[in-house]
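Visitor: Dropping the structure in here first, questions after.
Just so you know, all these numbers are worked out from the coordinates, no wet-lab data involved. In this text the structure is predicted, and so the values were computed from the model without any measurement. Neighbour counts run over all protein chains shown; Cβ positions are idealised from the backbone, glycine included.
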Amino acid sequence: MDGPTLVERYFAMVRMRRFEEACLAGVPTREIHGELHIGIGQEAVAAGMIGALRDDDALVSTHRNHLHALAKGVPVRPMLAEIYERATGLCGGFGGHMHLFDLERRFSTTGIVGSTLPVALGHAYAARIEGRDSVAVGVTGDGGANTGGFHESLNMAGAWRLPLVVLIENNEWAISVPFEESTATPTLAERAAAYGAWGRRVDGLDVEAVAEAFGEAVAHARAGHGPAVLEATCYRFRGHYEGDLDLYRPAGEKDRRRQQQDPLPLTRERILARGAATEAELDAVEAEVTAAIAATLAEVRADPLPDPATARDHVFAAARKGLI
Ligand SMILES: Cc1ncc(C[n+]2csc(CCOP(=O)(O)OP(=O)(O)O)c2C)c(N)n1
């Protein structure tokens, strides 16, 4: 398979896990305000995307966006600083965790469920108008796949053969609503047929399977064959947001799934079984990754908050010009 090796993808997953643990540290200390949505347990989906996208491809993510940003190459320091609401953040600390934007890497997010696809569709149309062979990826959860924007975007992308890749992270729950109770078909991938799109469901705990399927979806869209829908099955280990009491999931389900279906140990076991690396080699790099994220967190925590005098900047155009 082209792209990163299994071991490299594993280290990317470890980095993602440590990154989100660094975010979690800011909740009880009240350094991070608002709802924080964590993707722990879903790392294999994002790590499977690595290597298939170029800087000029767009990636539009959701409220649960950290892992996708890391997969797109958004640098850790300004991203963590944004989540910690610091002036050194990607958006000067004005956006916070749900509003991460990196123009250089064409990465953006929206907390409005179902609205990632219309934005990604715009990127796909722009590529067509500008004669570029870039693709646009719109991520959605299973809940977001039941919004009008999902269907309208895919319909237009299908009718106009636009290079839109829809990645559905089906983590079985949309807040407290289980997938089976909100969806008419056994899978979401089969909806692709309605839009003349490429469609496939993949095991989102298997980083190699995701890489192979995502690579195929991107190649399909880039070659001008129209949209692709990839549904990756996974499971959300934490509450919908930090602070969610999460009483809607049967007792013990989370513990059992975490024990059996954590993509990190599953991938580590596969590496060891294949002899692709030794325990000692994996431990050494994991320790390096852990230390690097801890060092970045310490730096970010010492960074300044935005100057209150700039509170109205970026809200009203006139305020930026000093007119009000
Ligand atoms: C238009 C809109 N309606 C409702 C919400 C509140 N909301 C935030 S996340 C969410 C559920 C999303 O579920 P899913 O798409 O499956 O993503 P997941 O949280 O599982 O990653 C809802 C209803 C919102 N942010 N935007």
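Visitor: With the calculation restricted to Cα positions, what are the radius of gyration and Dmax of segment 195-262 in angstrom?
Guide: For segment 195-262, the Cα radius of gyration and maximum Cα-Cα distance read 16.2, 47 Å.
Visitor: While we're looking at this one, here's another question. In segment 160-238, how does Rg compare with the Kirkwood Rh, expressed as the Rg/Rh ratio over alpha carbon atoms? Before the final figure, lay out the partial values.
Guide: Details: Rg = 13.1 Å, Rh = 13.1 Å.
Radius of gyration over Kirkwood radius for segment 160-238 works out to 1.00.
Visitor: Jot down the per residue volume, in cubic angstrom and as a whole number, of the convex hull over the alpha-carbon atoms of the chain.
Guide: Roughly 142 Å³ of hull volume per residue.
Visitor: Just the number, please: Stokes-Einstein D of segment 201-324 in µm²/s, Kirkwood Rh from C-alpha pairs, 37 °C, 0.692 mPa s.
Guide: The calculation lands on 165 µm²/s.
Visitor: For a label point 7 Å from the Cα of R257 along Cα→C-beta, name the residues of segment 225-246 whose backbone N is under 19 Å from it.
Guide: Flagged as within label range: 231-246.
Visitor: Per DSSP H run of n ≥ 4, the term is -39500 (n - 2.57); total these for the chain, divide by its residue number, and report the mean residue ellipticity at 222 nm rounded to 500 deg cm²/dmol.
Guide: Details: 12 runs with 136 residues, N = 324.
That comes out to -13000 deg cm²/dmol.
Visitor: Could you check which residue among A124, A184, A211 shows the biggest mean-square fluctuation in a GNM of the chain with a 10 Å Cα cutoff?
Guide: Highest fluctuation among the options: A184.
Visitor: Here is a follow-up. Pairwise over distinct Cα atoms, reciprocal of the mean inverse distance: report the Kirkwood radius of segment 29-122 in Å, one decimal place.
Guide: Numbers: mean 1/r = 0.0746 Å⁻¹.
Computed over Cα pairs of segment 29-122, the Kirkwood hydrodynamic radius comes out at 13.4 Å.
Visitor: List the trypsin sites (Lys or Arg not before Pro) within segment 1-54 that fall in a DSSP loop (any state other than H, G, I, E or B) and whose Cβ has at most 11 other Cβ atoms within 10 Å.
Guide: Here the sparse-neighbourhood loop sites are R30.
Visitor: Which residue, G93, G114, G275, tops the fluctuation ranking in a GNM of the chain built on C-alpha contacts under 10 Å?
Guide: G275
Visitor: Over all directions, average the projected area of the Cα convex hull of segment 48-200 and note it in nm².
Guide: Computing the convex hull of the Cα atoms and averaging its projections yields 9.1 nm².
Visitor: Suppose each label sits 7 Å from its Cα in the direction of the beta carbon; what would the A193-A298 distance come out to in nanometres?
Guide: Taking the two extended label points, one gets 5.8 nm.
Visitor: Next question. What is the antiparallel percent of DSSP beta bridges lying wholly in the chain, to the nearest 5?
Guide: 10 percent
Visitor: Here's another thing I want to ask about it. Under 8 Å for C-alpha pairs, at least 6 residues apart: give me the relative contact order for the chain, rounded to a whole percent. Walk me through the numbers on the way to the answer.
Guide: Details: 607 pairs, mean separation 70.7, N = 324.
Relative contact order of the chain: 22 percent.
Visitor: Most mobile of E130, E20, E43 per a Gaussian network model of the chain (Cα springs, under 10 Å)?
Guide: Fluctuation is largest for E130.
Visitor: Between I175 and A209, what is the label-point separation in nm under the 7 Å Cα-to-beta-carbon projection?
Guide: 3.1 nm
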